[in-house]
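The values are calculated or read from the model by the stated rules, or taken from the named source; none is laboratory data. The model shown is predicted, which means the values in this text are computed figures rather than measured ones. Here the Cβ positions follow ideal geometry from the backbone for every residue, glycine too, while neighbour counts run over all protein chains shown.
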Amino acid sequence: MNPKLKIILFSILLSISLTSNSQPTPPQTHGNNVNTSPTQGAPIGTGTGLLLALGSIYTSIKVYQSRKEDRG
């Protein structure tokens with residue numbers, strides 16, 4: 001990579017990181033009178049189980065295909 005291009009790219013990335021601002025902190029009440037968590041206690045168990053099930057199905061298909069290729 002051209003040294004001038006490296007310097008230009010570095011200066012652009014540095015200027016972007018120096019000028020970017022983070023989001024402000026959320027208000028203490030989250031829009032209502034009771035202080036609750038921002039996620040409202042969303043369940044993640046179903047999604048995790050689904051992800052594990054689909055991952056195991058994908059893995060078993062890949063193992064089956066690999067063994068099938070080795071035999072034939």
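Here are the numbers for the structure shown:
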{"item": "Test: SER37 is of a type in the set (Gly, Ala, Ser) and at pLDDT 85 or above", "result": "no"}
{"item": "Residues within the range 15-34 that are modelled with pLDDT of 70 or more and surrounded by 10 or more Cβ atoms within 10 Å (Cβ to Cβ), tallied", "result": "1"}
